[in-house]
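In what follows, a single structure is set out as structure tokens and then discussed.
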Amino acid sequence: MLATLQPPRTLSRFPLYLTSRPVTLCTLTAQSPPSTSPPSQPPHSQILSIRHSLLTRQVTAAQLAESHLSRLRLTEPHLKSFLHVSDSDAVLRQAALLDQRIASGEEVGPLAGVVVGVKDNICTADMPSTGGSRVLEGYRPAYDATAVRKIKELGGIVVGKTNLDEFGMGSTTEASAFQVTANPWDVSRVPGGSSGGSAAAVSARQCVVSLGSDTGGSVRQPASFCGVVGLKPTYGRVSRYGLMAYASSLDVIGCFGSSVADTGILLHAISGHDRLDATSSKREVPDFASQFASINLLESKPLKGLRVGVIRETLDEGVDTGVISAIRGAASHLEELGCSVTEISLPSFSLGLPAYYILASSESSSNLSRYDGVRYGNQAVADELNSLYGDSRAKGFGPEVKMRILMGTYGLSAGYYDAYYKRAQQVRTIIRKSFKTALDENDILISPAAPSAAYKIGEKIDDPLAMYAGDIMTVNVNLAGLPALVLPCGFVEGGTAGLPVGLQMIGAAFDEEKLLKVGHIFEQTLQNCRFVPPLIEDDAAW
């Protein structure tokens, strides 16, 4: 279990993050770098660093919380990652209670003292949950989502609610009804979406880890744009209870962290069957942390025999040359680590995007019908019922949500159902079968997480089709219900320090364990590469 792992290095005088040597060049190597760390230490885990420092009394939970709040106050005016930040006194009270428990010798959970951000479409009982929409402005749920409840029970401290595209419908956070989040690597660029606030918050170290949701890539694309690790679990691995429904057959709650280890630890914390969600799986949750071996214990070919398939269709025309170069470099590195890498073809891959937008829009038109000003949502002033319904929705929903509701309603209407919705479901079956065949012959599949690095704010806001096309790398995984891990693998030109590129690893259903193992080894053998954005690189903690 987590508590049995050896502790990592002590924290710096700003007790948040492990120190790193300054580097300017990213290189891939299969050789283990020299290290003075304990031989069984899983490197680069902020969560384990925090736990060790708390239990050895090197730092208090209150100091950790105050340090995060200080950084958040400094960076938030530039980024706008959060729609709501918890009251500082409440956060410090939670931290002080943890300190009291530790001082009295009580056992604390594996997330004790870990500061967590939560996407604002995931319900929290003690702070607003708006879904990024005016229709829910000021709404405070009466309960915590199951994932949030588990985090709190394990000692995690929720520091705030992160920005998103309204109800998860978007790829940039520009569709948020309240504000646009900036990318920590270049504040003139988007952080991705719809979980852009959660990704930016982890990238800027405003929190240790965060929760997002992924319906068609909303965890993985922002992870790529912001240079952090993002994990979309298998559909059913994590309870959706308390997640505001967008497309119920596609939605999953996912995780962000600055390392594979932290992302895996967070996934372990929130996974498992939930009687409040009939779609949650009863499969046993493995100990993901057991896959996080120290780099000092790795063989020269630690992934020997692993079969990796590079999806040919993801490296075709329309993908930036810098992204293609980074992914091919990552594939070469996997070969150096002992993998057998081959190029494979998924002929149905290009069908995923149109099928996804038909299915997701259709489901959203049904799910969002509840926001009528009577059952849910802010109510407009009107003289009669039909006007009340119409005005509440017209004033409450933004243009992107309205467009998708209209598309979905059209696709489900009489005379068009067979031509659109039914046909899209048939395509979904084909995609599932093609992925199963490919994963029967390969242990994992790899691709870019997005066709490009982060682009400028406003660049695609007037061209929705171009924005939708950016989801081509990710939507198929949701249609097939599979897990996928995105981790930074290199840079392309842009901004003042380059822009990060994410490698997507796709696994078989409920095989997150293998993805985390491969991702952790890949990450630890990525030398001279520091994914710390310019916004905070002068921070003394680094």
*asked:* Tell me the relative contact order for the range 397-542 as a rounded percent, counting alpha carbon contacts under 8 Å between residues six or more apart.
replied: 21 percent
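How would SER434, SER129 rank on accessible area, largest to smallest, probe 1.4 Å?
Largest accessible area first, the residues go SER434, SER129.
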_Expected 222 nm ellipticity per residue - DSSP helices of 4 or more, -39500 (n - 2.57), all of the chain, to 500_ = -10500 deg cm²/dmol
*asked:* I need two numbers for the chain: Rg to one decimal and Dmax as a whole number, Cα atoms only, in Å.
replied: 22.0, 75
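What percent do you get for the relative contact order of the range 37-138 when only Cα pairs under 8 Å and 6+ apart count?
27 percent
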*Is the range 372-510 rounded, prolate or oblate when judged by the Cα gyration tensor, a ≥ b ≥ c being the square roots of its eigenvalues, rounded requiring a/c under 1.5 and prolate requiring a/b larger than b/c?*
oblate
*Note down the accessible area of LEU243, probe 1.4 Å, to the nearest 10 Å².*
20 Å²
*Residues of the range 362-396 with amide N under 19 Å of a point placed 7 Å along Cα→Cβ from ARG140*: 376-379
*Can you bin the range 41-111 into rounded, prolate or oblate? Criterion: square roots of the alpha carbon gyration tensor eigenvalues sorted a ≥ b ≥ c, rounded for a/c under 1.5, prolate for a/b above b/c, oblate for the rest.*
oblate
*Could you let me know the centre-to-centre spacing of the range 363-390 and the range 185-221, using Cα atoms, in angstrom?*
30 Å
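For the chain, what's the relative contact order in percent, using C-alpha pairs closer than 8 Å and at least 6 residues apart?
Details: 1288 pairs, mean separation 103.5, N = 542.
Here the relative contact order equals 19 percent.
Report the local net charge at LEU351: Lys and Arg +1, Asp and Glu -1, summed over other residues whose C-beta lies under 14 Å from its C-beta.
Here the count lands on +2.
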*Identify all aspartates and glutamates with a Cα-Cα distance to LYS282 below 19 Å; exclude those on the same chain that are fewer than 8 residues away in sequence.*
ASP251, ASP274, ASP511, GLU512, GLU513
*Leaving ligands, DNA and RNA out of it, work out the accessible area of HIS44 with a 1.4 Å probe and give it in Å² to the nearest 10.*
90 Å²
*Starting from the Cα gyration tensor of the range 155-267, take the square roots of the eigenvalues, sort them a ≥ b ≥ c, and report rounded, prolate or oblate (rounded when a/c is under 1.5, otherwise prolate if a/b is larger than b/c, else oblate).*
oblate
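What do you reckon, how do ARG220, ARG307 stack up by accessible area (1.4 Å probe), largest on top?
From most exposed to least exposed: ARG307, ARG220.
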_Of LYS232/LYS514; LYS402/LYS456; LYS301/LYS514; LYS119/LYS150; LYS80/LYS119; LYS232/LYS517, those spanning more than 19 Å from alpha-carbon to alpha-carbon_ = LYS402/LYS456
*the chain - charge dipole about Cα centre, Lys and Arg +1 at Cβ, Asp and Glu -1, debye rounded to 20*: 680 debye
*Round to the nearest 0.05 the FRET efficiency obtained for ASP383 and HIS273 when R0 = 45 Å and r is the Cβ-Cβ distance.*
0.40
*Quick one: check the C-alpha center-to-center distance for the range 441-516 versus the range 78-152, whole angstrom.*
28 Å
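Given a Förster radius of 51 Å and the C-beta distance between GLN426 and SER188 as r, what FRET efficiency does 1/(1 + (r/R0)^6) yield to the nearest 0.05?
Details: r = 43 Å, r/R0 = 0.83.
E between GLN426 and SER188, to the nearest 0.05, is 0.75.
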*Pull out the extension gain between SER350 and ASP320, defined as 0.36 nm times the separation in residues minus the alpha carbon to alpha carbon distance; nm, one decimal.*
9.1 nm
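The values are calculated or read from the model by the stated rules, or taken from the named source; none is laboratory data. On a predicted model such as this, the values are computed, not experimentally measured, just so you know. Please note: Cβ atoms are built from the backbone with ideal geometry, for glycine as well, and neighbour counts cover all protein chains shown. Accessible surface is based on the protein model in full, side chains and every heavy atom, while ligands, DNA and RNA are left aside. Shrake-Rupley method; radii C 1.70, N 1.55, O 1.52, S 1.80 Å.
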